Amino acid sequence: MKKNTFTFILLLIIGLVAGSLVGQLLVSVPALSFLTKSVNLSWEPKADLLVIKYDLQFQMKLNLISLLGLIAAFWVYRKM
């Protein structure tokens, strides 16, 4: 597989989603609650330029398991 920016971003997104899914599965395990505690990150760019007006909202819920998925995806990309 060819290394390019699209592949890199796709692998990072897959790693985050996979990590989040594993985190959701581990919520019921009380001993691993420190891994599944989420932090909300949001970014809301807005502008009113008289001709055009936009309002976007981006939100991410990160936990340690999803960050481990992100690191694993980066490692997979490096090994390609």
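We did not get these values from a lab; they are worked out from the coordinates using the rules stated. As the structure is a prediction and not an experimental result, all values here were calculated from the model. Note that each Cβ is placed from the backbone with ideal geometry, even for glycine, and that neighbours are counted across all protein chains shown.
Is at least one residue of the stretch 58-65 exposed (fewer than 13 other Cβ atoms within 10 Å of the Cβ), in contact (Cβ under 8 Å) with a residue 12 or more places away in the chain, not in a strand (DSSP E or B) and not basic (Lys, Arg)? Scanning the stretch 58-65, I find no residue that is exposed (fewer than 13 other Cβ atoms within 10 Å of the Cβ), in contact (Cβ under 8 Å) with a residue 12 or more places away in the chain, not in a strand (DSSP E or B) and not basic (Lys, Arg), so the answer is no. Of all the criteria given as (1) touching a Gly at 6+ places or on another chain (Cβ under 7 Å); (2) part of a loop (DSSP other than H, G, I, E, B), the one not satisfied by Lys3 is (1).
Can you go through Ala47, Ala18 and tell me which one is surrounded by 10 or more Cβ atoms within 10 Å (Cβ to Cβ) and aliphatic (A, V, I, L, M)?
Ala18
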